[in-house]
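Chemist: To start, I am sharing the structure in question, which I have written as structure tokens.
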Amino acid sequence: MIERVWRSIQNQAFRDFEWVCVDDGSEDGSLRKLESYQANANFPVLIIKHERNSGKHIAWNHAVAVAKGELFVPCDSDDEFDSDTLEFFSRQWDGLTNVERNRASGINVLCRHAESRELVGSLFPHSPMWSNNLELFYRFRVTGEKWGCIRTDVLKKWEFPLTQGCFGESYVWYSIARQYQALCFNKILRTYYSDQGNKLSAKVPRVERLPAMYDYACWHIRENWDYIKMQPVRLVGEGSNVFLRAFLLDRGLAEPRVRLQGTRAGLFWPLFAMVGWLRFLKMKSPERNKSATRLDPTE
């Protein structure tokens, strides 16, 4: 549904932008559509073609690397956003002081459901407010799909690791959150389609993506302990993910323990290991296997 993005861009009141398109080995005619849009656009359109599907994380890295604008607005192939979106981002950004811009990663806004037209998830506690994605999720418990624009120079500092399957969708956002704040508005600008296939992963079987998922779980619990601990139940879940994925990879108990050594998470490894083992046994149980259609190490 690349047509949604094209229509949204055409309808923008603000016109000073470039459209960077990455065709990630599509086989549905998307490239031909992009070339047609490029020929008829009255704004710059750059098309990058990947010969084979490498995953959205690779496409994302490529798009960020070549982007020249000050702000980067991510658009999945079936996104839709309001006609005043870019104008709103530009106006709010231009209204910031130099000090505020230096500490800002970008601007966060809300999304609506395509069918019901209602808000996806919850509002920000205040609007406008300065926060970051770690604080929003773990302290304020803001839920649901959120969106916005991000400083391009900040994005260029953090690439997704070149793994088989995405290292973790939150890796970039949480890394940025350690150093920058986002300006958040309770304004709905993007329409969210629940059937969109926009996960940051290649067309790789889930089991083959397990190593990247394991590495992400280790990184997340080590680096973001100070935020995750704000939700004890989720803390146990995040910590047990490390051991569950290690068991699924047949890495044993010693390796994940070593990965957590020297951190606060390492002090709780017996609890994390026990819960991870119980989850592992549940996944491997005969009753579960009878009805399971695929291995799901994230549940």
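Chemist: Please go through segment 83-112 and pick out each residue that is under 13 Å from Phe185 (Cα atoms), part of a strand (DSSP E or B) and not aliphatic (A, V, I, L, M).
Modeler: Gly106, Asn108, Cys111
Chemist: Give the residues of segment 52-75 that are in contact (Cβ under 8 Å) with a residue 60 or more places away in the chain and surrounded by fewer than 17 Cβ atoms within 10 Å (Cβ to Cβ), sorted by residue number. Before the answer, list the steps.
Modeler: Initially, segment 52-75 is screened for residues in contact (Cβ under 8 Å) with a residue 60 or more places away in the chain, giving 53-58, 60-61, 64-65, 67-75.
Within segment 52-75, Asn53, Ala65, Lys68, Gly69, Glu70, Pro74 meet the criteria.
Chemist: When you check Val236 against the structure, is it without any contact (Cβ under 8 Å) to a residue 12 or more places away in the chain and surrounded by fewer than 18 Cβ atoms within 10 Å (Cβ to Cβ), yes or no?
Modeler: Numbers: without any contact (Cβ under 8 Å) to a residue 12 or more places away in the chain: no; surrounded by fewer than 18 Cβ atoms within 10 Å (Cβ to Cβ): yes.
Criteria not met by Val236.
Chemist: Suppose the filter is modelled with pLDDT of 95 or more and under 25 Å from Leu136 (Cα atoms); does Val275 pass it? Steps first, please.
Modeler: Values: modelled with pLDDT of 95 or more: yes; under 25 Å from Leu136 (Cα atoms): no.
So Val275 fails the test.
Chemist: If you don't mind, there's one more thing I want to ask. Return yes or no: is Arg257 basic (Lys, Arg), closer than 22 Å to Gly168 by Cα, out of contact with any Asp or Glu (no Cβ under 8 Å at 6 or more places or on another chain) and not in a helix (DSSP H, G or I)? Before the answer, list the steps.
Modeler: Details: basic (Lys, Arg): yes; closer than 22 Å to Gly168 by Cα: yes; out of contact with any Asp or Glu (no Cβ under 8 Å at 6 or more places or on another chain): yes; not in a helix (DSSP H, G or I): no.
Answer is no for this residue.
Chemist: Does Glu18 meet the test of being at pLDDT below 95 and acidic (Asp, Glu)?
Modeler: Numbers: at pLDDT below 95: no; acidic (Asp, Glu): yes.
No, not satisfied.
Chemist: Among Val64, Val22, Val45, which is the only one that is closer than 16 Å to Glu3 by Cα, in contact with a Phe, Trp or Tyr (Cβ under 7 Å, 6 or more places away or on another chain) and of a type in the set (A, V, I, L, M)? Give the derivation first.
Modeler: Numbers: Val64 fails: closer than 16 Å to Glu3 by Cα; Val22 fails: in contact with a Phe, Trp or Tyr (Cβ under 7 Å, 6 or more places away or on another chain).
So the residue among Val64, Val22, Val45 that is closer than 16 Å to Glu3 by Cα, in contact with a Phe, Trp or Tyr (Cβ under 7 Å, 6 or more places away or on another chain) and of a type in the set (A, V, I, L, M) is Val45.
Chemist: Which condition number does Arg32 fail, the rest of (1) more than 21 Å from the chain's Cα centre (by Cα); (2) outside any loop (DSSP other than H, G, I, E, B); (3) surrounded by 12 or more Cβ atoms within 10 Å (Cβ to Cβ) being met?
Modeler: For Arg32, the failing item is (3).
Chemist: Taking the stated definitions as given, is Ile228 in the same structural domain as Glu169 (by TED's automatic domain parsing) and at pLDDT 95 or above?
Modeler: Details: in the same structural domain as Glu169 (by TED's automatic domain parsing): no; at pLDDT 95 or above: yes.
No; evaluated as a whole, the condition is false for this residue.
The values are calculated or read from the model by the stated rules, or taken from the named source; none is laboratory data. Please read all numbers here as calculations on a predicted model, not as lab measurements. Every residue, glycine as well, gets a Cβ built from its backbone with ideal geometry; the counts of neighbours run over all protein chains shown.
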